[in-house]
Amino acid sequence: MEDHELVEAARTGEPSAFSELVRRHRARAVGMAQAMVRDPHLADDIVQEALIRAFMHLGTLVDGKRFIPWLQQIVRRQALMKLRRGGVYGKERPFSSFEETAAEWDARDLDSILFHLRRSVAKREGEEDPGERVERREVFDVLQHLIGCLSKREREIFIAYFFRQLTPQEIADLYATSTGNVYTALHRAKQKVQKERYRVYLKFQIEKRKGMGCLSRKVLEEPSFLYQKEGSYAAMPLMMHAALRYTEKDDLSLTEVMGLTSHAFRFQAGPEMSPAGPTAFDWKSVAVQGLKALGFSGKAVSTGTRMTEPTPEDLAEGLALVQDSIDDGVPVIAWNLDSAGFGLIYGYDDERQVFHGWDVSAPGKELAYDQLGRGQYPELFVLALGKRTEEAHRTVDLVPISPQTELKLRNYRETLRLALEMAIRHARGEERAALPGYAVGLAAYDVFADALLQGAAHPFGSAYTAAVVGEARKSAAEFLTRLSRPYRHFRTLQPHHYQFQQLAALAAAHYARVSAAWLGIEALFPFPAAQDEITVDVREKAITLLAEAKAAEEQGVAVLESMYECVKS
C-alpha cells in the first residue's frame, strides 16, 4: 500500500496501518532529529513524541500524500522545542547523560525520571552501582504510588514499557493491538502521572500549612483601581504600582514607579522586531532589582525560560510564595493568568484550590492552583514585594528636617542611586538581552533601524515597540522633571543639591526630545491598527526619527551619569 492509503486506513481505525507508517519512516525521522540535536537518545525521545502527536492529529492532515513532509514538520517542531528549552544543557537533558552519574538526573522532571528508570533497569543487577540501585528502588516506589491514578490497561502498558523494558511493538503484540494504540496509551499515561504529581505536591503544601496553623483562605480587596489604568502598556510597573497600593507606600505615582525601577528608560529590539521583544526581559532579575529601589527585598519564583512548563516542585514553591505574601496583606504579580501578560493574584482558597486574580483580559478571574504557569504560554513567574528594606521615600512632603527625616532622605538618595545605576547599565548595554540576537539600550536603536532598512521589521512588532517605548520615554521625561523641582529638603544633599536639580532639568529636556521623536514613530506605526506592510516612505521617516531619538537619548544618558555621580558623592 502507498503511504496515503495507509493514512486513510489509519484514520478509519485499521490497527496495523499506522504501525506500518511508523516502520517505514521512523528511521528517517530519527536521522532528521539527530542531525538537529546531535544526540541519539534525545533524537529517539523527540521522534517518539512526534509519532504520538502525529497519531493523535492524523485527522488534521488534509492530503495523505503529504504525510512525510507533515511528519518531518512535527519532528522539526519537537526538536526546536527541546533546543529552545536548552537542548543538551537544558532541563530536559539527553537521556544518555543520565548514565554519567546517578546524582545528576533531575528528580523533579517526569521525563528525566522515566528515562533514568529505563537506563538503570537495562543494566544487569551485578553491574549496577549500589548507590544507584538504592536510588532506583526509591524511584520505583514513587512511581508505583503515582501510577495508581491509571486505569488497569494503562498501568499494564506503562509498566511494560518503563519497568519491563518492552518495545512498543512488543507491547502491541502482547496485547493484540497496534503500536499506534500503544503510543496513545503511553502518552495518556504520562499525562495522568504528571497531573498526579502536581496534585501530590500541591496537597503536600496545603497540608503543611494546615499543620502550621496557617489560614486556608484569604482574599484581599479586589484591585478595582486598575480599571483606570487599562490603557498602559507598562504591565510590570503597573502591577508593581498596584501591589504598592496595599502597603504604606501607596503614595507613589505610576510615573515614579516607572522611573525608580528603570522601566521608563528601557528599550529592547531584535533583528525582526518581534512583538515579544519590547517586554521580554529577564524579569526575575529586573523586577527584583526594581523592587529594591522601591524599598522592598523582592522575591520571585520563575522557571527562567520562556515556554517552559513548571515542575510540580516549582508550582508548590510558587503557591507558597503567593500564600505567604497574601497572608501579609500584599498581592503578588504573576505571568499569564489569562493572557500573555502580567496580572495580580490577590486571594487564595485551599479548599477549592483556586487563586483570585486580576488580568487585563479577565478581571476577577479564578485560576486553579495546578494551572499557574501552565496556560497557553507555559512559564511560571510569581513575584512578591517581600520584606521592607530601609525606608525609601519619594521627594515630597519631607520637611522640616529632623533626624528621622534625615535618615529617610539618605535612604532616598540610595533609591535614586539604584534607579540611575539600573537605567545607565541598561542604556550602555551592560545588561544582557533576554533573547538571542537582541540588543538593549542605545544599541537597540541601531537594531530597529537596520531591521527597517533590510525590510525585515515586523509591522505589528514595530507598532507595539513604538507604543511601549513611547510610553516609557514620556514617563522618563515626567519623572526627571519631578526630580528637578527645588524642594527645600534637598539642602541635605549639600553641596550638590542645586547641581542635581539642574542636571535633572537638563536630562528632562533631553528625554522630552526623545519622547517627541517616539511620538512621531508611534504616528507612523499606529498600534494596534498596524499596516500589513511597511512602505518605503514610512521606513525612511521612521529611520530618521530613530536617529533623532538616539541622539537625544545619548545626551540624556550622559546627564544621567552626571546625576549618578552627584548622588553617589
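The values are calculated or read from the model by the stated rules, or taken from the named source; none is laboratory data. Just so we're clear, the structure is a prediction, and the values are computed from it rather than from any experiment. In this analysis, Cβ positions are derived from the backbone assuming ideal geometry, glycine residues included, and neighbour counts consider all displayed protein chains. Heads up: the accessible areas ignore ligands, DNA and RNA and are worked out on the full protein's heavy atoms, side chains in. Shrake-Rupley method; radii C 1.70, N 1.55, O 1.52, S 1.80 Å.
The figures follow:
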quantity	calculated
Cα-Cα over 25 Å, subset of LYS365/LYS474; LYS82/LYS190; LYS210/LYS387; LYS82/LYS284; LYS284/LYS387	LYS365/LYS474
Extension gain from HIS57 to ALA558, taking 0.36 nm per residue of separation minus the Cα-Cα distance	174.7 nm
Pairwise label distance in nanometres, TYR377 with ALA523, each label 7 Å out on the Cα-Cβ vector	3.1
Net length gained if the chain between ASP250 and GLN165 were fully extended (0.36 nm per residue, minus Cα distance)	24.5 nm
ALA547/ALA456 FRET efficiency (R0 30 Å; Cβ-Cβ; nearest 0.05)	0.95
Estimated FRET transfer efficiency (ARG428, GLN73; beta-carbon r; R0 51 Å; 0.05)	0.75
Rounded FRET efficiency, nearest 0.05, which uses the C-beta distance separating LYS210 from MET1 and R0 of 35 Å	0.05
Carbon and sulfur %, accessible surface of the range 178-219 computed with the full protein complex present, 1.4 Å	53
Simple spin-label estimate for SER339 and LEU174 in nanometres, 7 Å along Cα-Cβ	5.0
Share of carbon and sulfur in the accessible heavy-atom surface of the range 434-481 [1.4 Å probe, %]	60
Accessible area expressed per residue, the range 146-302, with surrounding protein chains retained (probe 1.4 Å, Å²)	42
Under 5 Å, built H, 5+ apart or other chain: amide partners of GLY298	GLY386, LYS387
Anisotropy class of the range 244-359 from Cα gyration tensor, a/c 1.5 cut	oblate
Ranked by how many other beta carbons lie within 10 Å on average, peptides 446-452, 468-474 from highest	468-474, 446-452
Longest to shortest principal axis, alpha-carbon extents of the range 155-212, angstrom	52, 19, 12
Residue list for the range 231-274, given a label point 7 angstrom along the Cα-to-Cβ vector of ARG388 and an amide N cut-off under 15 Å	244-252
